[in-house]
1. Between A:Phe314, A:Phe31, A:Phe189, find the one with the highest GNM mean-square fluctuation for chain A; connect C-alpha pairs within less than 10 Å.
2. Buried accessible area for the C:A pair, summed, 1.4 Å probe, in Å² rounded to 100?
3. In Å², and per residue, what accessible area does chain B have when probed at 1.4 Å with the other protein chains present?
4. Within a 10 angstrom radius of each residue's Cβ in A:69-77, how many Cβ atoms of other chains show up on average? Whole number is fine.
5. Hey, rough spin-label estimate for A:Phe52 and C:Ala276, points 7 angstrom out along Cα→Cβ, what's it come to in nanometres?
6. Return the lysines within reach of A:Lys42: Cα separation strictly under 25 angstrom, same-chain partners fewer than 8 residues apart disregarded; answer none if there are no such residues.
7. Just the number, please: carbon plus sulfur as a percent of the accessible area of the range B:49-255, 1.4 Å probe, no ligands or DNA/RNA counted.
8. Once the dipole of chain A is set up with Lys and Arg at +1 and Asp and Glu at -1 on Cβ about the Cα centre, which of A:Gly137, A:Ala285, A:Val96 lies farthest towards its positive end?
Amino acid sequence: MAEVSVQNVTKSFGSLKALNDVTMDFPNGGFFALLGPSGSGKTTLLRTIAGFIFADSGSIYIGDQSVENIPVEKRDIGMMFQNYALFPNMTVADNVGFGLRVRKVGAAEERRRVGEALELVQLGQLGDRKPHQLSGGQRQRVALARAIVTNPKVLLLDEPLSALDKSLRVDMQIELKRIQREIGITTIFVTHDQEEALTLSDKIGILRQGAMIQAGPPREVYNNPVDIFTAEFLGEANILTAQGGTALSSARADIKLPSGATEQSTLAVRPENMSISTSEPGGDAISKIPATLVRRIFAGAMATCVLENGGNTFKVIARDQDIPDLPEGGEIWLSWKPEHTMVVPNP
Amino acid sequence: MKGTYLAWVGKAWLGLILFFLYAPIIVMAFMSFNASQYYQLPFEFSLTWYEKLGQNTEILNAATRSVLIALTTTVIATTLGTAASLALFRFEFRGKRFLQVMLFPPIAIPWLITGTAMLIFFYGVGLGRGTPSVLIGHVALALPYVIVVVSARLATFDVTLEEAARSMGADSWTVTRRVTLPWIASGIIAGALFAFAVSFDQFVVSYFLSEPGDSTLPVLIYTSIRKGFTPEINAISTIIIVISMAVMLFAARFSNFGGER
Amino acid sequence: MSTVLARQDRLKIASLLSPAYIWLTVAIFLPLSAMLYFSFLSDVPFGDAEWRYTTDNYQAFFQTSTYATLLWKSIKLGLTVTAVSVLVGFPCAYVLAKVIKGKSREALFLLVILPFWSNSLVRIFSWAIVLRGNGVLDLGLNAILPFEVDVNLMFSTPAIVIGLVHSYLPYVILTSYLALQAIDDSLIDAARSMGANKLTILWRLILPLSLPGLLAGAVLIFVPVVGSFMEPRILGGRVGTYFGTVIEDQFVAVFNWPLGAALSFILLAVVLLILATASPVLRRAQA
């Protein structure tokens with residue numbers, strides 16, 4: 001186990017800059033997410049840390065060892081692949097024991113550690129099966145056991161849960177987190193699913209077009225996005241801009257500007273932080289906008305309302321019972337606490 | 001880096017193999033334009049052997065016969081093979097597995113054995129040697145290839161398309177003609193090309209079944225080589241190679257042979 | 001699965017299948033049966049020849065060592081050609097499938113299998129021009145090398161092997177390429193991430209996974225080479241006597257068809273034995 005550090009890493013494929021001066025620290029024992037849309041460079045970054053790709057410039061440390069010139073097979077990492085990449089010609093036990101056999105640990109030691117790893121992922125009985133006899137969730141567990149059995153310095157996961165259906169994915173998220181805590185291994189995983197990143201990680205790095213645009217704990221990046229892209233990528237956001245938005249200039253609107261913001265700032269509010277009322281909310285310590293209800297979408301416990309004001313569309317997510325009964329097209333008020341107004345720096 | 005060095009060695013090896021594969025063919029094409037009858041160097045350009053070929057009725061007749069037999073074989077084998085493939089694809093019945101296994105002997109048994117067996121049998125039933133026997137043999141050798149290729153294409157066919165057509169009121173013949181056959185057309189064309197190639201290149205079976213003086217081109221080439229090299233053979237061989245490679249390149253566009261699509 | 005078929009369906013199946021299978025029966029299966037029958041006759045039962053049932057033709061194979069020696073010579077030729085083709089062709093297929101990327105791969109692949117579609121006789125004949133004394137190889141080598149060499153490979157075993165390898169190499173490249181291409185690159189990445197070097201990956205992963213393709217290619221080469229007679233005749237001359245040429249002689253020169261039939265059947269038995277040995281591995285690949 002070790003900390004990982006990526007410093008000023010740049011990598012080009014022809015004229016395409018896949019990674020542009022990327023820097024991020026991954027402290028020992030943490031669980032980290034690299035998040036970004038496809039083509040953002042997140043997988044390239046992971047494969048550069050793994051050693052499949054060599055950076056054009058910059059440095060990468062695993063522990064206190066500089067690894068830029070060390071190929072993947074010498075880096076002592078564990079990696080799990082999107083499609084699991086289980087060897088179809090080997091049994092589960094041979095798959096898990098592959099890395100140990102390469103390291104020549106001896107048959108008895110191999111058997112013991114394979115057994116332990118399979119126990120850890122709760123597949124103790126399935127060592128003799130072939131990969132094609134396993135379910136999707138089981139394959140996933142074998143891939144995880146295989147990645148950690150050699151006690152690597154760092155565990156790298158490339159979209160590990162994307163091939164599973166939704167309910168299984170949530171189970172596996174919990175399981176993954178449990179195992180990571182149990183063995184305390186530094187873990188970096190790539191995902192395009194913001195919810196997954198927010199749920200699992202201690203720290204999120206957000207990439208776009210090869211650049212690391214923000215890195216920090218989930219709550220921090222969620223509440224203080226550095227730009228509109230990040231604000232919208234991490235969840236839904238209602239954007240209030242001085243320039244284009246009539247909302248701010250609307251006569252009856254009253255928006256309390258957070259400290260540091262000016263009339264020109266871009267502001268954003270998360271849909272779940274807004275509430276709806278039929279009459280104008282009282283009190284000075286609240287931001288509010290009048291709006292028209294366009295549509296109300298029922299989704300079980302929660303409901304989403306689409307609202308409109310002066311050509312701008314807003315979304316509000318609230319418990320269904322907290323939304324007043326109103327016909328579509330009715331006039332309502334949107335309000336939120338001033339501390340929920342996020343100031344989004346202009347690019 | 002080590003990786004790129006190994007990759008370079010690999011590519012050089014591939015280049016060497018390509019040289020090995022093409023060198024003799026190129027040499028032969030070269031020699032067909034060489035004036036010397038005994039392939040003496042230095043090279044002296046001449047079209048003599050092509051002119052001589054133009055007057056050699058024996059070779060030209062054999063070439064025509066080979067083309068005609070190959071075309072006939074293609075038509076018969078493709079028709080029968082496609083029909084059989086459709087039945088094997090569409091119906092489940094007892095003995096189907098057995099029928100599929102029966103396709104392998106013609107491919108897997110050396111042609112020397114098949115050819116001599118045909119010779120014995122055709123003599124036994126009074127047909128003897130000659131073009132009809134050659135044709136029967138060629139079709140039998142080409143059939144399994146057609147069935148395998150067309151079946152492979154049929155395997156990619158979505159049965160719900162037929163069901164959709166039927167739900168719109170089309171009868172089963174209309175469905176086959178308007179839905180199924182257009183889908184497998186590329187497979188049928190590939191199968192037909194296989195059939196043509198198997199027949200046109202076929203030497204062993206033709207050798208045992210064709211009448212002396214009434215032989216196909218490969219058989220004639222074989223006997224000419226054994227009697228002594230004649231440069232006209234170079235000329236006709238060069239023409240054959242150019243044509244078959246052109247056909248193959250053309251076919252590659254249809255069959256996606258070896259492609260990953 | 002429906003076990004009971006409608007009468008109409010049965011009629012349809014029969015009308016679609018019978019032309020093809022009747023043809024195969026008449027042209028392949030009846031002839032093979034006829035040959036088996038002939039192999040137990042003392043003479044051809046045509047005209048007014050005297051004939052009886054006998055096992056003499058099979059006994060002939062065991063009475064002298066000539067036939068067994070030639071069969072062994074043919075099998076050795078088959079093994080040599082197969083081994084050379086595999087050793088030469090597999091690396092080629094690997095480079096095509098895993099090293100070369102993009103459009104040039106398709107073009108190169110086509111280039112490799114293209115000669116395969118030209119007439120096999122013509123290709124053997126072109127080797128004769130290259131290999132003979134005072135031929136292209138001889139003159140070419142003497143033009144490059146500083147010292148005098150005398151290269152006349154014509155009418156020798158190496159000439160036969162070269163010609164046959166040239167003829168059948170594309171088979172093993174084709175089947176290996178298809179098998180190698182089916183191996184997901186992420187498997188190789190996974191092995192590397194676990195610390196495996198190139199040799200381990202080749203030995204533990206790539207070879208086992210591509211073995212069915214490799215073996216299919218080997219069988220496709222071995223079977224026709226054991227039965228080859230045209231190539232040894234043209235390139236081997238006097239040393240080119242093999243089991244295949246002896247069978248050919250029985251049918252076109254000596255006219256001892258029953259003996260030829262018996263020898264053919266012995267060859268067939270060898271071929272079937274090889275196929276039966278290989279089939280478990282090939283079948284595993286389909287699972």
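The values are calculated or read from the model by the stated rules, or taken from the named source; none is laboratory data. No experiment lies behind these values; they were computed from the predicted model shown. Please note: Cβ atoms are built from the backbone with ideal geometry, for glycine as well, and neighbour counts cover all protein chains shown. For the accessible areas, the whole protein counts, side chains as well, though only heavy atoms, and no ligand, DNA or RNA atoms are used. Shrake-Rupley method; radii C 1.70, N 1.55, O 1.52, S 1.80 Å.
1. Result: A:Phe314 has the largest fluctuation of those listed.
2. The C and A chains share an interface burying roughly 1800 Å².
3. Working: 12190 Å² over 261 residues.
Per residue, chain B has 47 Å² of solvent-accessible surface.
4. That works out to 4 on average.
5. Here the answer is 4.6 nm between the modelled labels.
6. Filter leaves A:Lys11, A:Lys17, A:Lys74, A:Lys153, A:Lys166, A:Lys177, A:Lys203, C:Lys98, C:Lys101.
7. Carbon plus sulfur share of accessible area: 66 percent.
8. Result: A:Val96, furthest along the dipole toward the positive end.
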